[in-house]
Amino acid sequence: MNKEQQEIRKKSPIQIKNKKAAFDYFFVDEYTAGIVLTGTEIKSIRAGKASLVDTYCYIINGEIWVKGMNISPYFYGSYANHEAKRDRKLLLTKREIQRLADADKQPGYTIVPTLIFIDENGRAKVDIALCRGKKEYDKRQTLKEKEDRREMDRAIKHY
């Protein structure tokens with residue numbers, strides 16, 4: 001991910017993160033994908049009514065799908081409102097999908113969405129990561145590093 005892409009994410013008013021993914025997995029490779037949305041889903045995302053808890057991606061017939069993403073029904077929607085937890089197709093190039101499919105076949109690897117944001121053109125995008133699962137001792141190490149960083153920040157603020 002280059003600096004220009006990071007700036008776009010920082011400027012985005014909507015940033016829905018999957019905090020548990022960073023705790024449970026090591027990120028091996030990251031991609032930015034578009035999402036195929038229907039009806040009022042984009043309005044719900046712009047209102048911040050989406051969640052990435054317990055989501056993952058899978059590949060079928062050369063297409064990548066995200067399962068478990070919750071986009072709440074739009075409050076002002078009518079009979080044409082969307083279903084909250086349906087599977088949604090992601091938009092990546094064939095080469096990227098093939099690379100992810102090859103890596104996903106290896107044991108211990110999975111594909112997890114990490115962030116939903118709105119780009120400069122007003123489209124919803126999702127960052128996905130090829131991840132390797134952490135062991136219990138890795139998770140303890142992550143907690144210890146986080147606690148150490150917090151202690152250092154506190155010490156700096158006092159001076």
Is the range 63-84 home to any residue that is under 14 Å from residue 126 (Cα atoms) and touching a His at 6+ places or on another chain (Cβ under 9 Å)? yes
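Can you find, within the range 40-53, the residue that is modelled with the lowest pLDDT among those that are open to solvent by less than 70 Å² (accessible area, probe 1.4 Å) and of a type outside the set (A, V, I, L, M)?
The initial filter retains those residues of the range 40-53 that are open to solvent by less than 70 Å² (accessible area, probe 1.4 Å), namely 40-42, 44-45, 47-48, 50-52.
Filter once more, keeping what is of a type outside the set (A, V, I, L, M): 40-41, 44, 48, 51.
Values: 40: 84, 41: 87, 44: 87, 48: 88, 51: 89.
The selected residue is 40.
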Here's a check for you: in the range 63-79, which residue that is farther than 16 Å from residue 113 by Cβ and open to solvent by less than 50 Å² (accessible area, probe 1.4 Å) is farthest from the chain's Cα centre (by Cα)? 77
Can you confirm whether residue 102 is in a strand (DSSP E or B), of a type in the set (Asp, Glu) and open to solvent by less than 90 Å² (accessible area, probe 1.4 Å)? no
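Consider the range 82-108. How many of its residues are farther than 17 Å from residue 63 by Cβ and either polar (S, T, N, Q) or under 16 Å from the mean Cα position of the chain (by Cα) (or both)?
Narrowing the range 82-108 to residues farther than 17 Å from residue 63 by Cβ: 82-85, 106-108.
When the remaining residues are screened for being either polar (S, T, N, Q) or under 16 Å from the mean Cα position of the chain (by Cα) (or both), the result is 85, 106.
Selection size over the range 82-108: 2.
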Somewhere in the range 114-133, is a residue closer than 20 Å to residue 54 by Cβ, among the polar types (S, T, N, Q), open to solvent by 20 Å² or more (accessible area, probe 1.4 Å) and not in a strand (DSSP E or B)? no
Of the conditions (1) in contact with a strand residue (DSSP E or B) (Cβ under 7 Å, 6 or more places away or on another chain); (2) more than 21 Å from residue 20 (Cβ to Cβ), the single one that residue 55 does not satisfy is (2)
In the range 18-39, which residue that is under 12 Å from residue 117 (Cα atoms) and aliphatic (A, V, I, L, M) is least open to solvent (accessible area, probe 1.4 Å)? 33
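The values are calculated or read from the model by the stated rules, or taken from the named source; none is laboratory data. Treat the numbers as computed from the prediction; the structure is a model and nothing was measured. Here Cβ is always computed from backbone atoms with ideal geometry, including for glycine, and neighbour counts include all displayed protein chains. What goes into the accessible areas is simple: the full protein's heavy atoms, side chains included, and nothing from ligands, DNA or RNA. Shrake-Rupley method; radii C 1.70, N 1.55, O 1.52, S 1.80 Å.
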